[in-house]
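Trainee: Pasting a structure below so you can have a look.
The values are calculated or read from the model by the stated rules, or taken from the named source; none is laboratory data. Model, not experiment: these values are computed from the prediction. Cβ atoms come from the backbone with ideal geometry, glycine included; neighbour counts cover every protein chain shown. Note: areas computed on protein heavy atoms with side chains; ligands, DNA, RNA excluded. Shrake-Rupley method; radii C 1.70, N 1.55, O 1.52, S 1.80 Å.
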Amino acid sequence: MEGYGIVSRNAKGEAVRLIGVNRDITARMQAEEALRTLNTELERRVEERTAEIKAINKELEAFTYTVSHDLRAPLRAMHGMSQALIEDYADVLPPEGVEFAQRIEAAAQRMDRLIQDLLAFSRVGRKDMRPRPVSLHEAVEAVLSTLSPMFEEVGADVAIEGTLPTVIAHPSTLDQVITNLVDNACKFVEKSTAPRVRLSAETRGSRVRLWVADNGIGIEPKHQERIFRIFERLHGIETYPGTGVGLALIKKAMQHMGGDVGVESEPGKGSRFWIDLPAVSDGE
Amino acid sequence: MGRQQVILVVEDDPNDIILIERAFRKARVVNPLQFVRDGDQAVDYLDGRPPFEDRERHPLPTLILLDLKLPRRSGLEVLEWLKAHPELRRIPTLVLTSSRESRDVGRAYDLGANSYLLKPVNPEDLLHIVETVNRFWLLTNHAPEIRPRYRSPE
């Protein structure tokens, strides 16, 4: 029950009468009770779900640990033993035997690369990726300087056009994205062509677009979506080596940084990959 | 000095044993290697317990290479025992493992590891590590004198 009342007074101000209403509020009390129960239940479920997610994360970490250590031990053996075989017994092995051993070694190396790429892929988004203002120019310059031995090896001509602005990103993740893009730009070219890569930026409203343009083999429009999926490859391992993780990692990383990635390309006319990132707004 | 300066390698993976032996041979390291295959054996060897009580055949090592993932007592447990030992704690102990987990690295240093090395996949990198260990820990570094006065209680 719930009651409301008004005291009515006489001329001297003495209370003489009480006028009031009493109401049955059972239904409302029940509704309120139900709401409280629901809230408690919701809180409990959120807690439960959080605990579940934490457990899954822990399991994933244990899984990653196993992948990186236990899977690599037999790999180390394959790699080491085949190389020992080539080095120590090359003079008693027929050429075909040496070739087989070399193939085992190359396969072990490829699998190691794959495991490392997968680990990198699984790490994106697991670590604390709090974005902050980053000079895109400095980030690109640092990546190019790290990759310069590779540029020399393949005779690549890589340069920045103009000045690149400041963006909001997670620094080490951004480095990884740029590294993968430039690495791809130098890799997917005709054997007879020296790679030529140009990096430039344009501001589009509140976003900055970084372009990575190459003179490579290009990508047919029908494949342009597929290439961002993990393990997707358009070429045989002997033509263009790779694990099919690089672009998938870029996509995942860009999504985690509130950005995006895409490509404009035609076969034989090179590719122009782009990434979009939030720009630093005025006053920041 | 008649006694040879041996290196104790605590390693359970038979393939890694072969590869480590080969890398030491290729690096022309003169020190003989002694292998033990789990953490308990490592402690028995260092403490001179049977079957390692003969110090002529199983001399105290001048350097220890220690894997972390071992059957029985783990590498970190061996390290904890060793670095708490009043005399043997002086023996330079290098962790050689595939674990790059920061809690393993941190714990190893906390317990007194003298160095932490990652097992590489590429055998050329392993050779490079062994050459570096030889040049620094065996040829450059001045080793401590170790005379165990007593055996630790079981």
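Trainee: If A:GLY125 passes every condition in (1) within 12 Å of chain B (Cβ to nearest Cβ); (2) at positive phi but one, which one does it miss?
Mentor: Exception for A:GLY125: condition (1).
Trainee: Next question. Taking the range B:22-41 on its own, how many of its residues are over 23 Å from A:HIS79 (Cβ atoms) and in a strand (DSSP E or B)?
Mentor: Final tally of qualifying residues: 2.
Trainee: It is to be established whether one or more residues within the range B:24-36 are crowded, with 21+ Cβ neighbours inside 10 Å and away from chain A (no Cβ under 14 Å). Steps first, please.
Mentor: If we filter the range B:24-36 for residues that are crowded, with 21+ Cβ neighbours inside 10 Å, which is where we start, we get B:24, B:36.
Of the ones still in play, those that are also away from chain A (no Cβ under 14 Å) are B:36.
Yes: the range B:24-36 contains one or more residues that are crowded, with 21+ Cβ neighbours inside 10 Å and away from chain A (no Cβ under 14 Å).
Trainee: Considering only the range A:202-232, state which residues are open to solvent by 30 Å² or more (accessible area, probe 1.4 Å), assigned to a helix (DSSP H, G or I) and over 28 Å from A:GLY155 (Cβ atoms).
Mentor: Passing the criteria: A:PRO221, A:LYS222, A:ARG226.
Trainee: Quickly run through the range A:149-166 and pick out the residues that are surrounded by fewer than 11 Cβ atoms within 10 Å (Cβ to Cβ) and polar (S, T, N, Q).
Mentor: A:THR163
Trainee: Can you name the number of the only condition in (1) at pLDDT 95 or above; (2) among the small types (Gly, Ala, Ser); (3) open to solvent by 60 Å² or more (accessible area, probe 1.4 Å) that B:SER102 fails?
Mentor: Failed condition: (1).
Trainee: Which residues, counting only those in the range A:28-45, are modelled with pLDDT of 90 or more and among the aliphatic types (A, V, I, L, M)?
Mentor: A:ALA31, A:ALA34, A:LEU35, A:LEU38, A:LEU42, listed by residue number.
Trainee: Could you check the range B:105-143 and list, in sequence order, the residues that are open to solvent by 80 Å² or more (accessible area, probe 1.4 Å), at pLDDT below 95 and hydrophobic (A, V, I, L, M, F, W, C)?
Mentor: B:LEU139
Trainee: Of the residues that sit in the range A:124-142 and are of a type outside the set (A, V, I, L, M) and at pLDDT below 80, which one is farthest from the chain's Cα centre (by Cα)?
Mentor: Among them, the one singled out is A:ASP128.
Trainee: Further, regarding this structure: Being within 14 Å of chain B (Cβ to nearest Cβ) and either assigned to a loop (DSSP other than H, G, I, E, B) or among the hydrophobic types (A, V, I, L, M, F, W, C) (or both) narrows it down to one of A:ALA51, A:ALA77, so name that one. Break it down stepwise before answering.
Mentor: Details: A:ALA51 fails: within 14 Å of chain B (Cβ to nearest Cβ).
The conditions single out A:ALA77.
Trainee: Consider A:ASP70 carefully, then state whether it is open to solvent by 60 Å² or more (accessible area, probe 1.4 Å), facing chain B (nearest Cβ under 9 Å) and farther than 27 Å from A:PHE231 by Cα.
Mentor: When the stated conditions are applied, A:ASP70 does not pass them.
Trainee: Something else: Does A:ARG49 meet the test of being free of Cβ contacts under 8 Å to residues at least 40 places away in the same chain and either over 37 Å from the mean Cα position of the chain (by Cα) or surrounded by 10 or more Cβ atoms within 10 Å (Cβ to Cβ) (or both)?
Mentor: yes
Trainee: From (1) outside any helix (DSSP H, G or I); (2) within 14 Å of chain A (Cβ to nearest Cβ), pick out the condition that doesn't hold for B:LEU126.
Mentor: (1)
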